[in-house]
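Any read-out appearing in this document is the output of simple, stated calculations on the displayed coordinates, not a laboratory observation. On a predicted model such as this, the values are computed, not experimentally measured, just so you know. FYI the Cβ positions are ideal-geometry reconstructions off the backbone, even for glycines, and counts take in every protein chain you see.
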Amino acid sequence: MLYIDIHTHKKVAHSGTIFVRNAYDFLSNDSLLNLGYPISVGTHPWHIGDDFLLENALKYLENTIGLDPVYQIGEIGLDRKRGNFQNQLKYLEGVWEINKKYQKPILLHLVGAEYDIIPWIRKANFPIIWHGFYPKGDLVEKLLVFRGKLMVSLGKKIFLSKEEISAVLRTLPFDMVLCESDNSGIPIEEIYQRISMVLELDSMELKNIIWNNFNKLRKYE
Ligand SMILES: [Zn+2]
């Protein structure tokens, strides 16, 4: 069974891994088609500043979203520490509209906007992946209603988790869990190992769970 790395900025050489690489929003359709592996496209919230060209960004998405290698949209999202928050919201609005028809998974980057995103998840008719998830407050509890539509992707932050955070993560249903290396450079097997420790799961069992979750994302309707 293969490892799944649902979000990485690097090309993964490991043949035992299916990975989705972040391609941002500037490669031509030809280049995207020639990469030879699944990708995600979209405008990162850090690249959405005061002079953001919303129409261009949405046009890029419209032109690429239907391409075969475009497995998901992302990372996109909201970041209260970088970029222009109002423009980030306008971009989300546009993406939600375009993706109504395609229903591709959307991978979210969220900083300081963990609660702002809840109405957006509610109205989505497509799967959502919360990238680099780290629980705070009553967030996990609030997100449980989205089981079946929302998955959280655990990555390098899981190495920071203390016992209380681990206990919160263990309240997540297993069918909401994915795994990512992002830009960490940590091999995906090591992140899996750490997750199986935190969730108190046998490593084969975890591999199986994430494999099934990945397949569910692809069959989402
Ligand atoms: Zn990333």
Roughly how many debye, to the nearest 20, is the charge dipole of segment 133-221 about its Cα centre, given +1 on each Lys and Arg Cβ, -1 on each Asp and Glu Cβ, and no other charges?
300 debye
Return the calculated 222 nm mean residue ellipticity for the chain, to the nearest 500 deg cm²/dmol, obtained by summing -39500 (n - 2.57) across DSSP H runs with n ≥ 4 and dividing by the residue count.
-10500 deg cm²/dmol
Got a sec to turn the phi values of segment 36-51 into Karplus ³J(HN,Hα) couplings, 6.51 cos²θ - 1.76 cosθ + 1.60 with θ = phi - 60°, whole Hz, x for Gly and Pro?
x, 8, x, 9, 10, 10, x, 9, 5, x, 5, 8, 10, x, 5, 9
Report the per residue volume, in Å³, of the convex hull enclosing the C-alpha atoms of segment 3-218.
111 Å³
Cut-off under 5 Å, modelled amide H: who pairs with Ser181 long-range:
Ile6, His7
Tell me, what ³J(HN,Hα) does each residue in segment 90-96 have, in order and in whole Hz, if you take phi through Karplus 6.51 cos²θ - 1.76 cosθ + 1.60 with θ = phi - 60° and put x for Gly and Pro?
5, 5, 4, 3, x, 5, 4
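Can you tell me, using C-alpha contacts under 8 Å and at least 6 residues apart, the relative contact order of the chain as a whole percent?
Values: 390 pairs, mean separation 43.0, N = 221.
Over the chain, the number comes to 19 percent.
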What chymotrypsin sites (Phe, Trp or Tyr not before Pro) does segment 1-50 have in DSSP loop regions with at most 10 other beta carbons within 10 Å?
Phe26
As an exercise, use a Förster radius of 35 Å and the Cβ-Cβ distance of Lys81 and Leu2 to find the FRET efficiency, rounded to the nearest 0.05.
0.50
With unit charges on the beta carbon (Lys/Arg positive, Asp/Glu negative), name the residue among Val111, Trp211, Phe126 whose Cα is farthest towards the positive pole of the charge dipole of the chain.
Phe126
Which entries in the list Lys90/Lys149; Lys81/Lys216; Lys11/Lys142; Lys81/Lys101; Lys123/Lys162; Lys123/Lys207 go over 28 Å, if you measure between the two C-alpha atoms of each?
Lys81/Lys216; Lys11/Lys142; Lys81/Lys101; Lys123/Lys162; Lys123/Lys207
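To the nearest 0.05, how large is the calculated FRET efficiency for Lys216 and Asp51 if R₀ is 30 Å and r is the Cβ-Cβ distance?
0.15
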Under the Karplus relation with 6.51, -1.76 and 1.60 and θ = phi - 60°, whole-Hz ³J(HN,Hα) for segment 160-173, x at Gly and Pro, equal 8, 6, 8, 4, 5, 5, 4, 5, 5, 4, 5, 7, 6, x
Amide H of Val152 versus every other amide H placed in the peptide plane: which residues, excluding those fewer than 5 positions away on the same chain, fall under 5 Å?
Trp130, Val177, Leu178
